[in-house]
Amino acid sequence: KVMIGSLNGCASPVFTFTPAFYYHITLPSGGRLDLPVDPTHNAFAHIIEGKLEGEGRNLLRDEQLALYERGGDVMRFHALEDSEFLVLGGQPLNEPLVSYGPFVMNSQDQINACIRNYRAGKMGQL
């Protein structure tokens, strides 16, 4: 499933402000998959269930996360058993990040403004 981005002629209707991708993949035991990636992008795979070999050398199991090393143009997967996993990535933002609880901004001043807005009820309700 293509959640964000496009792959093999299938495109998500979700708009992103910067290039990004998010794929939900199921691969049968013995299956192989080569995913094209931009060598300048960050990417990672999260294994939901199963056992995979990544890049021909790393064993990936249930609930593990594997970071993609920038510079190549493909992410390779080989399923050693029926597997389900997510692959996400995109263009690095190259901006400072400051986080506090659920808030992620570019500066402490922005974080403080978020906290004030949250406490004032300006962020809606769930």
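Since every read-out is calculated from the coordinates, none of them should be taken as a lab result. It should be emphasised that the depicted structure is a prediction, and the values quoted were computed from it without experimental measurement. Quick reminder, even Gly has a Cβ in these numbers, built from the backbone with ideal geometry, and neighbours come from all protein chains shown.
Can you list the chymotrypsin sites (Phe, Trp or Tyr not before Pro) in region 1-94 that are in a DSSP coil and have 14 or fewer other beta carbons within 10 angstrom? Write down the numbers at each step before the final one.
Details: sites: PHE15, PHE17, PHE21, TYR22, TYR23, PHE44, TYR68, PHE77, PHE85; in loops: PHE15, PHE17, TYR68.
Sparse-neighbourhood loop chymotrypsin sites (Phe, Trp or Tyr not before Pro): PHE15, PHE17.
Between the alpha-carbon centres of region 36-91 and region 8-35 there is a gap of 11 Å. The label-point distance for ASN94 and THR18, in a model that sets each label 7 Å from Cα toward Cβ, rounds to 1.0 nm.
Tell me, what does the Kirkwood hydrodynamic radius of the chain come to in angstroms if you use every pair of distinct C-alpha atoms? Let's see the in-between values first.
Numbers: mean 1/r = 0.0602 Å⁻¹.
For the chain, the Kirkwood estimate is 16.6 Å.
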